[in-house]
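Worksheet for the structure shown next.
The values are calculated or read from the model by the stated rules, or taken from the named source; none is laboratory data. Small disclaimer: the values here were computed from a predicted structure and weren't measured. Cβ placement follows ideal geometry from the backbone for every residue including glycine, while neighbour counts extend to all protein chains displayed. Side chains are part of the model used for accessible areas, which takes the heavy atoms of the whole protein and leaves out ligands, DNA and RNA. Shrake-Rupley method; radii C 1.70, N 1.55, O 1.52, S 1.80 Å.
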Amino acid sequence: FQLDIADTALLATSSLIRNVLFFNRNNPKFNLQVGTQNNQQKQVITSGFESRKQLEYFLQSRWNMGRQLNAQVKITTAERNNDSERFQNRDYQLQQLSIEPQLTWLPSQQFRSILIYKYLNSKNQIGIEQFNSQDLNLEMTYNRTTTTAIRLNTSYILANFQGDANTPIAFTMLN
């Protein structure tokens with residue numbers, strides 16, 4: 001599916017294609033997903049056209065290690081592009097890599113603890129901007145009947161951005 005449509009009366013086009021291949025989808029012990037997502041948009045605004053493309057490949061897996069312990073991991077590689085006819089500072093071509101392991105511990109029906117780590121590396125291929133982040137998140141939930149619910153969520157985030165922080169590219173990368 002192409003968005004290079006040569007119709008001058010067309011104001012906007014949008015396309016989203018998502019494909020996922022499952023292995024052991026309904027297996028309670030282990031499953032695996034491999035997929036791709038292609039999202040494209042093009043619109044005419046008062047200052048010319050603007051087009052966005054995002055192509056993403058992912059691998060996701062879940063493993064139940066017992067009644068109380070569950071592990072998940074998601075690895076994603078993506079390319080995000082933006083092309084603006086009038087504003088060159090809005091043009092970018094980002095290469096991204098994301099790794100997100102997750103460990104869930106369920107010692108009882110009332111208590112759940114989730115530990116999540118997320119690594120993200122993003123680099124602009126047509127500029128100098130680069131962004132690396134590491135996010136460690138701990139979430140604990142205690143539920144007792146329908147009247148009591150206590151949730152504790154804490155995060156530790158390390159973020160490193162190189163480039164001009166006051167640009168549309170920086171806004172996109174830091175979002």
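Values computed for the structure shown
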item: Rg to Rh, two decimals, where segment 85-175 supplies the alpha carbon set and Rh follows Kirkwood; result: 1.20
item: Accessible area in square angstrom per residue, the chain, 1.4 angstrom probe; result: 68
item: Environment charge of Ser14, counting only residues whose C-beta is closer than 12 Å and scoring Lys/Arg +1, Asp/Glu -1; result: +3
item: Charge sum, other residues only, whose C-beta stays under 12 Å from Asn132's C-beta, Lys/Arg counted +1 and Asp/Glu -1; result: 0
item: Sorted peptide list for 11-19, 144-152, 79-87, criterion being average Cβ within 10 angstrom, highest first; result: 79-87, 11-19, 144-152
item: Stretch gain in nm, segment Phe49-Lys29, where the contour uses 0.36 nm per residue and the Cα spacing is subtracted; result: 2.3 nm
item: Volume per residue of the C-alpha convex hull in segment 129-175, rounded to whole Å³; result: 88
item: Phe111 paired with Asn160, simple spin-label distance in nm, labels 7 Å along Cα-to-beta-carbon; result: 3.7
item: Using a Förster distance of 45 Å, the FRET efficiency for Ile150-Arg86 (Cβ separation, nearest 0.05); result: 0.30
item: CD proxy at 222 nm, helix term only [per DSSP H run n ≥ 4: -39500 (n - 2.57); per residue of the chain; nearest 500]; result: -1000 deg cm²/dmol
item: Ordering of 156-168, 130-142 by packing [mean C-beta count within 10 Å, highest first]; result: 130-142, 156-168
item: Accessible-area composition of the chain, carbon plus sulfur, in percent [1.4 Å probe]; result: 53
item: Net charge contributed by nearby residues that have their C-beta within less than 9 Å of Ser122 (K/R +1, D/E -1); result: +1
item: Residue-wise HN-Hα coupling along segment 24-39, computed from phi with Karplus coefficients 6.51, -1.76, 1.60 (Hz; x: Gly, Pro); result: 6, 4, 9, 6, x, 8, 8, 8, 9, 10, 10, x, 9, 9, 10, 10
item: Cα convex hull of the chain, projected area averaged across orientations, nm²; result: 13.9
item: For segment 146-175 versus segment 66-144, the gap between their alpha-carbon centres in whole angstrom; result: 10
item: FRET efficiency, Met65 to Ala12 (Cβ-Cβ, R0 35 Å, nearest 0.05); result: 0.15
